[in-house]
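Beneath this line is the structure, given in structure tokens, with notes to follow.
What follows draws every value from the coordinates through simple rules; no lab data is involved. Note that the coordinates shown come from a computational prediction; the quantities given were computed from them, not determined experimentally. Here Cβ is always computed from backbone atoms with ideal geometry, including for glycine, and neighbour counts include all displayed protein chains.
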Ligand code: A2P
């Protein structure tokens, strides 16, 4: 599964494995430990967690217990979205580091531009302020890269205006039918790498008839087509599963979809809202 060895180089020179293992919604400690351990055993070298996922301790333990040199694993965590004060951000980073039990993170992200209970709120001043804390963390060497998540172009422009160190990564919700061209193009222009959480739309697009048809043509599973699509769009997918066989399947994506199939998938919209041609309730 050579795709697990493929890497992006971030603008600061740090190498980040293209495919990462997502741990959102794996809240049970034992399950998070087992899933992360399975991912590492089958060759994933990029693990994505967040303080709000409540599994940083299990993820850190799995990394430490894996026997794989720390330098070969890329670990991302995130600052809770509601924290918009620099001192609170620094304190939260310390909590993350104590919980995860690693000497450094490879990447530390602002989880979202606004609190989850108030999506869309203008937190420009707060985001600018916490970015200074992120720059300090980066300079300390305890996070080898810094970035953001769920940021749109306007949110990114706020950070880019006056920052000393620009973000290296923007992690967004991205899957077939939800491709967010505007922010992806903007990031490409700024040399900010885009990673994709929920590349399977948390499972909601796995029955989509057009995607199923492509999968049948390729002789691959629907999940593999969804993950391969993200790679061929130039992003880094972060698929999540708690099952060892699916964790393996999701990394077995060394195939190439034709430009005709890619165009067909590019034209799909609202894929997560439509099941078998019916509106979801
Ligand atoms: P499970 O954890 O039981 O395997 P996303 O990565 O978009 O967040 O999607 C995760 C969801 O998709 C989870 O519900 C996960 O369930 C399911 N899933 C992950 N991989 C596969 C797969 N290869 N085939 C079918 N469902 C999958």
Practice task
Could you order peptides 97-108, 166-177, 119-130 by the average number of other Cβ atoms within 10 Å of their residues, highest first?
Solution key: 166-177, 97-108, 119-130
Exercise for the section: Please give the helix 56-65 orientation as an angle from the longest Cα principal axis of the chain, in degrees from 0 to 90, rounded to the nearest 10. Expected result: 80 degrees
Problem - Principal-axis tilt of helix 181-190 within the chain, Cα atoms, nearest 10 degrees - result: 50 degrees
Exercise for the section: Just need the Rg to Rh number for segment 166-249, please, alpha carbons only, Kirkwood Rh. Expected result: 1.00
Practice task
Give me the number: length gained by fully extending residue 216 to residue 152, i.e. 0.36 nm times residue separation minus the C-alpha to C-alpha distance, one decimal in nm.
Solution key: 19.6 nm
Fill in the blank from the handout: DSSP beta bridges in the chain: the antiparallel percent, rounded to 5, is 20 percent
Problem - FRET efficiency, residue 117 to residue 161 (Cβ-Cβ, R0 41 Å, nearest 0.05) - result: 0.95
Exercise for the section: Largest first and to the nearest Å, give the Cα extent of segment 1-76 along each principal axis. Expected result: 34, 23, 19
Problem - Order of 11, 131, 116 under a 10 Å beta carbon neighbour criterion, fewest first - result: 116, 11, 131
Problem - DSSP bridge pairs, segment 1-157: antiparallel proportion in percent, nearest 5 - result: 20 percent
Completion exercise
Taking only the alpha-carbon positions of the chain as identical scatterers, the Debye log10 I(q)/I(0) at q = 0.17 Å⁻¹ comes out as -1.43
Problem - Expected 222 nm ellipticity per residue - DSSP helices of 4 or more, -39500 (n - 2.57), all of the chain, to 500 - result: -12000 deg cm²/dmol
Exercise for the section: Figure the gain on full extension for residue 82 and residue 260 (residue separation times 0.36 nm, minus the Cα-Cα span) and round it to one decimal in nm. Expected result: 59.8 nm
Completion exercise
Using alpha carbon centers only, segment 160-234 is separated from segment 38-59 by a whole-angstrom value of 20 Å
